[in-house]
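The values are calculated or read from the model by the stated rules, or taken from the named source; none is laboratory data. Model, not experiment: these values are computed from the prediction. Every residue, glycine as well, gets a Cβ built from its backbone with ideal geometry; the counts of neighbours run over all protein chains shown.
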Amino acid sequence: MKKAFLVATSFIALSLTSCKKEGNKGVIKTDTSQQVIVADDGKPDATIGYNVDVKGKKTIKTDYVYKATDGTLVKVVFDYNPENRNMTITNNNKTFVLDKSEVKTNQTTYEKADMKATVKGDSIIIRQGENIIELVKTKI
């Protein structure tokens, strides 16, 4: 009888003390904050696109396919690294890398030598010397 009483008392004491746990402190919490890239004026940059997965997690989309007014497809890759923000334009096995020169809330300008590209919404206007090339983002 004494053994049964000791076992029952021990079980109740363990149950009461184990219920006071506040969870596993060894579990690493995931960062739920979303990365937002801001323009030079301190507001979120509206020219940046995001991918959203099934769980609602946002990731920055970096590569797009644009279509020129003559129907030519152009691949554009944006690098949003804060130290080296640039864009790469690839067409007909030629690649041009333009460095960020100015960022506003709704417009970003990239330049290199005599080439200047202005990204605004779903369009890019490229100026190279006297030539002006207009690109529009495709749904591909």
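Any residue in region 100-109 that is touching a residue at least 40 places away in the same chain (Cβ under 8 Å), part of a strand (DSSP E or B), over 18 Å from I37 (Cα atoms) and touching a Ser or Thr at 6+ places or on another chain (Cβ under 7 Å)? If you could, list the steps in order and put the result at the bottom.
Start the filter on region 100-109 by keeping residues that are touching a residue at least 40 places away in the same chain (Cβ under 8 Å), which leaves 102-108.
Adding the requirement that they be part of a strand (DSSP E or B) leaves 102-103, 108.
Remaining after also requiring over 18 Å from I37 (Cα atoms): none.
Within region 100-109, not a single residue is touching a residue at least 40 places away in the same chain (Cβ under 8 Å), part of a strand (DSSP E or B), over 18 Å from I37 (Cα atoms) and touching a Ser or Thr at 6+ places or on another chain (Cβ under 7 Å).
Residues to consider are Y80, Y66, Y110; find the one that is at pLDDT below 90, touching a strand residue (DSSP E or B) at 6+ places or on another chain (Cβ under 8 Å) and among the aromatic types (F, W, Y). Reasoning before the result, please.
Numbers: Y66 fails: at pLDDT below 90; Y110 fails: at pLDDT below 90.
Within the list Y80, Y66, Y110, the selection yields Y80.
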